[in-house]
Amino acid sequence: MSLPDLLDLLRPLQGAIDNLDKTWRPEDDTYRADVYRQTLTSLSYAYFAYFHADAEHPDWAPLWNPVYTLQPNPDDIYVQSPIRGDLTYRVSGNRGTCPILSFTSQRAASGTVDVMPQPNGHNELDINDLGIALGEDFEILFSAERPEGYAGHWGRIDPSATYMYLRYRSYDWENEVDPVLSIECLDPVPPKPRLSVEDILHRIEEMAKFPARKTNLYYAMQNGVKERVGFNVFEPVRYPGALVKQTYWPACFQFEPDEALIIETDLPEKRTYWNVQLNDPYFNALEYVYRLSSTNGHFARISSDGKFRAVISLEDPGVPNWLDPAGYTEGGIYGRWYECDPEPTPTLKRVKLSELRDHLPPDTPIVTPEERAEELRRRVRACQRRRRW
């Protein structure tokens, strides 16, 4: 047979570039360059999705993180593996000391199909619901039905499931220990095969479609917020399926270089976990290793009146909870309440940077350049010591 040229197989990548017309500024060359980069991050991730493992020979591969973008939570490490709903899997290892470790299985992963199935066969398992303690060794069986006579930890997967991902969420990046986990198929399966020519070509073609499929989904999510409530307004939402315990509070932000945005919110009395992060206009998390573009309930400093306030500005405003937009004056915000009660809706106030302190409590501390530099150094070290790929 005569193989097609590799560049011909990659032609569907153009679909991601064509999606520029769904961005906020399709004629802007900086937007175009950003989308080029975004396309390649999705393509590089897609290799893991299509070539690293298969359902009979599962293995964890990196999912969203600082390299493979598209809006990862900076507090989370995500990994994924192919699975099949008619097989049984064992996940085992040590749960570490991250406060949240959750497994989600579903029929189709975003980016792998043109239209996501509805419903998508979501099944979620929060390891805390099993009573597995921090630092404890454990194993969980996953299958469509609980094995007869099995009394150990078990999680359901949909009979049509093709994909499982897990997230381990750290509050204290410096001191919490990530889990160490393996995944095995317990059914008799043949050895992992050499891929045929047809398999390789098909997988490359699917890889090339992946970036456009992702942006078709995520551009619509971010654009929807802007269309419904405009800029600088939060719109709380709870998504069905994954993370049913979590309410998101997204917004689209916009300000001028000489301005700042103040996020202000009451805090829930019960707050198992909460955070806030900045995204770019294309639903990618902003640089969060070398930029202070996110914070959470562990790192945030609370005002004397019990409220949380953060400031978004291009320049360091010298106050606690600066969210650095990494050179962007417009983009997205994502906050999360996880097992929180109540779930207040934060507000955004747009002010002149020179007048910022007029809009903050009088006792708001000053953060010196030396203190900020040390905050960033600690962040860089803590993030780099987590496994991200």
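The figures follow:
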read-out	value
Residues located in the stretch 332-361, provided they are crowded, with 19+ Cβ neighbours inside 10 Å and out of contact with any strand residue (DSSP E or B) (no Cβ under 8 Å at 6 or more places or on another chain)	none
Any hit, the stretch 309-331, residues being touching a Pro at 6+ places or on another chain (Cβ under 8 Å), farther than 28 Å from GLY224 by Cα and surrounded by 20 or more Cβ atoms within 10 Å (Cβ to Cβ)	yes
Scope the stretch 214-242; condition buried (at least 19 other Cβ atoms within 10 Å of the Cβ) and within 17 Å of the chain's Cα centre (by Cα); matching residues	LYS214, THR215, TYR218, TYR219, GLN222
Condition met for TYR168 (under 17 Å from the mean Cα position of the chain (by Cα), more than 21 Å from SER42 (Cα to Cα) and crowded, with 17+ Cβ neighbours inside 10 Å)	yes
Strands (runs of 3 or more DSSP E) wholly inside the stretch 136-247 containing at least 1 residues that are polar (S, T, N, Q) and closer than 24 Å to ARG388 by Cα	180-185
Filter pass, GLU343 being more than 15 Å from GLN277 (Cα to Cα) and without any contact (Cβ under 8 Å) to a residue 40 or more places away in the chain	no
Residues located in the stretch 28-57, provided they are assigned to a helix (DSSP H, G or I), open to solvent by 40 Å² or more (accessible area, probe 1.4 Å) and more than 27 Å from VAL79 (Cα to Cα)	ASP29, THR30, ARG32, ALA33
Unmet requirement for VAL367, which otherwise passes all of (1) free of Cβ contacts under 8 Å to residues at least 60 places away in the same chain; (2) loosely packed, with under 15 Cβ neighbours inside 10 Å; (3) more than 22 Å from ASP75 (Cα to Cα)	(2)
Single residue of the stretch 292-312 satisfying the filter (in a loop (DSSP other than H, G, I, E, B) and of a type in the set (Gly, Ala, Ser)) that is farthest from ASP76 (Cα to Cα)	SER304
Hits in the stretch 103-144 (condition: open to solvent by less than 60 Å² (accessible area, probe 1.4 Å), within 22 Å of the chain's Cα centre (by Cα) and over 20 Å from THR88 (Cβ atoms))	ALA108, ALA109, SER110, GLY111, THR112, VAL113, MET116, PRO117, ASN120, ASP126
Qualifying residue in the stretch 20-27 (condition: open to solvent by less than 60 Å² (accessible area, probe 1.4 Å), farther than 24 Å from VAL197 by Cβ, without any contact (Cβ under 8 Å) to a residue 40 or more places away in the chain and out of contact with any strand residue (DSSP E or B) (no Cβ under 7 Å at 6 or more places or on another chain))	yes
Test for LEU63: is it open to solvent by 20 Å² or more (accessible area, probe 1.4 Å), among the aliphatic types (A, V, I, L, M) and farther than 17 Å from TYR219 by Cα	no
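The values are calculated or read from the model by the stated rules, or taken from the named source; none is laboratory data. A quick note: this is a predicted structure, and the numbers were derived from the prediction, not measured. Counting neighbours? That spans all protein chains shown, and the Cβs are built from the backbone with ideal geometry, glycine included. Note: areas computed on protein heavy atoms with side chains; ligands, DNA, RNA excluded. Shrake-Rupley method; radii C 1.70, N 1.55, O 1.52, S 1.80 Å.
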